[in-house]
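These notes concern the structure reproduced below.
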Amino acid sequence: MIEIIADRFTYAVILVLMMVGLYAVIATGNLVKRMVGLSIFQTSVFLLYIATAKVTGGGPAIFDYSDLAARTIPEDAIYANPLPHVLILTAIVVGVATLAMGLALVVRIREVYGTIEDDELSEIDHDDELKKGV
Amino acid sequence: MNGAEITQLFDYLFMVMLLFIGLAIIRLQNLFAVVMLTGVYSLIAAAWFVSLSAADVAITEAAVGAGISTVLLLAAMLLTSGKAKPTTAFRHWAALVVMTAAGAAVFYALGDLPVYGAADSPANTGVGMAYIDRTPAEINIPNVVTAVLASYRGFDTMGEVFVVFAAGVGVALLLNLSGRGKRGED
């Protein structure tokens with residue numbers, strides 16, 4: 001049990017960070033703070049992917065120009081797995097796109113309702129329904 | 001102490017800092033402080049990416065995660081409000097229950113993950129390593145991540161551009177950035 005966790009200590013810490021992000025999303029009623037929680041969760045997922053790509057003793061997958069001229073790589077060279085790096089590069093940019101979209105919605109909600117606390121939002125919606133006589 | 005051990009110590013330092021910043025973000029009600037700490041969180045994550053030998057990801061995270069995200073959050077905060085209401089007891093306990101349940105599930109699965117840094121894990125033996133072997137002969141540029149991003153998986157990157165474009169159009173429409181037409185009437 002202890003050994004299993006000791007070998008995967010980095011993952012365990014990253015999972016705790018992920019849970020911190022999850023708590024931040026659920027616990028707060030403020031929409032901007034909720035987006036912050038979402039982005040913490042997201043960064044933790046990126047860390048999990050990159051941590052899996054790590055190879056002990058290996059560096060980034062970047063070659064020397066001399067090796068490249070020979071069109072081959074040294075036999076004993078150790079590199080980190082480049083594929084998760086590429087996937088996370090894409091995910092970071094898409095993450096910012098979704099963050100921008102979410103924040104634009106928050107700004108729009110504030111313009112219409114005058115608040116970004118979700119309990120006040122439900123109250124206003126409830127009052128509107130009552131006024132309409134539903 | 002050799003280089004690898006010092007890097008490992010830095011990793012532990014980053015973990016502690018990230019945990020403390022995460023907890024501070026949960027506790028704070030002042031949104032300006034929350035937004036700034038999010039930027040710091042991204043920056044420390046970027047530093048950790050360097051020590052996890054993901055140089056390209058670190059550059060992107062520092063520029064996009066710590067830079068553009070912080071600016072966006074700051075702008076949204078200035079356009080809305082600077083203070084969050086304190087968490088109610090009900091929400092606190094509900095979030096704690098969900099967090100504990102989800103945490104128990106992921107920690108149950110933790111044992112199935114490969115050992116940290118293993119070169120023979122399923123994730124690190126398949127197509128990722130094949131890209132390293134083939135890049136010198138097929139693409140002939142030094143950085144394998146660039147080769148995969150722009151050539152082997154170029155369609156992924158094109159899809160990413162579409163997503164960013166769609167998000168840009170969405171934001172422009174939501175905030176009426178063209179300035180034409182009325183809004184806020186209904």
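The values are calculated or read from the model by the stated rules, or taken from the named source; none is laboratory data. Please read all numbers here as calculations on a predicted model, not as lab measurements. Here Cβ is always computed from backbone atoms with ideal geometry, including for glycine, and neighbour counts include all displayed protein chains.
Tally time: how many residues in the stretch B:67-113 are farther than 22 Å from B:Leu28 by Cβ and either of a type in the set (S, T, N, Q) or touching a strand residue (DSSP E or B) at 6+ places or on another chain (Cβ under 6 Å) (or both)? Of the residues in that region, 1 qualify.
Every residue, every condition in (1) without any contact (Cβ under 8 Å) to a residue 24 or more places away in the chain; (2) in contact with a Cys (Cβ under 9 Å, 6 or more places away or on another chain); (3) not aliphatic (A, V, I, L, M), yes or no:
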| position | (1), (2), (3) |
| --- | --- |
| B:Val71 | yes, no, no |
| B:Phe107 | yes, no, yes |
| B:Asp112 | yes, no, yes |
| B:Asp120 | yes, no, yes |
| B:Asn124 | yes, no, yes |
| B:Asn143 | no, no, yes |
| B:Ala150 | yes, no, no |
| B:Val164 | yes, no, no |
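All conditions in (1) without any contact (Cβ under 8 Å) to a residue 24 or more places away in the chain; (2) outside any helix (DSSP H, G or I) hold for B:Lys85, with the sole exception of (1). Please determine whether any residue of the stretch A:109-128 is over 30 Å from B:Pro122 (Cβ atoms), free of Cβ contacts under 8 Å to residues at least 60 places away in the same chain, surrounded by 17 or more Cβ atoms within 10 Å (Cβ to Cβ) and within 7 Å of chain B (Cβ to nearest Cβ). Checked the stretch A:109-128: at least one residue is over 30 Å from B:Pro122 (Cβ atoms), free of Cβ contacts under 8 Å to residues at least 60 places away in the same chain, surrounded by 17 or more Cβ atoms within 10 Å (Cβ to Cβ) and within 7 Å of chain B (Cβ to nearest Cβ). Filter the stretch B:58-69 for residues that are touching a residue at least 24 places away in the same chain (Cβ under 8 Å) and among the aliphatic types (A, V, I, L, M) and give the result. Once the filter is applied, which keeps residues that are touching a residue at least 24 places away in the same chain (Cβ under 8 Å) and among the aliphatic types (A, V, I, L, M), the stretch B:58-69 yields only B:Ala66. Of all the criteria given as (1) buried (at least 19 other Cβ atoms within 10 Å of the Cβ); (2) closer than 22 Å to B:Met15 by Cα, the one not satisfied by A:Val96 is (2). Return the residues of the stretch B:118-150 that are more than 7 Å from chain A (Cβ to nearest Cβ), under 24 Å from the mean Cα position of the chain (by Cα) and part of a helix (DSSP H, G or I); say none if nothing qualifies. B:Pro122, B:Thr146, B:Ala147, B:Ala150 - these are the residues of the stretch B:118-150 that are more than 7 Å from chain A (Cβ to nearest Cβ), under 24 Å from the mean Cα position of the chain (by Cα) and part of a helix (DSSP H, G or I). Taking (1) modelled with pLDDT of 85 or more; (2) under 26 Å from A:Met101 (Cβ atoms); (3) of a type in the set (A, V, I, L, M, F, W, C) in turn, B:Leu113 satisfies each apart from (2). Residues in the stretch B:62-75 include none that are touching a Lys or Arg at 6+ places or on another chain (Cβ under 8 Å) and either more than 8 Å from every other protein chain (Cβ to nearest Cβ) or buried (at least 16 other Cβ atoms within 10 Å of the Cβ) (or both).
Might you let me know whether the stretch B:83-92 holds any residue that is under 22 Å from the mean Cα position of the chain (by Cα) and facing chain A (nearest Cβ under 8 Å)? Within the stretch B:83-92, none of the residues are under 22 Å from the mean Cα position of the chain (by Cα) and facing chain A (nearest Cβ under 8 Å). Only residues that are within 16 Å of A:Ala12 (Cβ to Cβ), more than 7 Å from every other protein chain (Cβ to nearest Cβ) and of a type in the set (A, V, I, L, M, F, W, C) were counted across the stretch B:93-117, and they come to 3.
Rundown of residues vs (1) at pLDDT 90 or above; (2) buried (at least 22 other Cβ atoms within 10 Å of the Cβ); (3) touching a helix residue (DSSP H, G or I) at 6+ places or on another chain (Cβ under 7 Å), yes/no style:
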{"position": "A:Asp7", "(1), (2), (3)": "no, no, no"}
{"position": "A:Ile26", "(1), (2), (3)": "yes, no, yes"}
{"position": "A:Met35", "(1), (2), (3)": "yes, yes, yes"}
{"position": "A:Leu48", "(1), (2), (3)": "yes, no, yes"}
{"position": "A:Pro60", "(1), (2), (3)": "no, no, yes"}
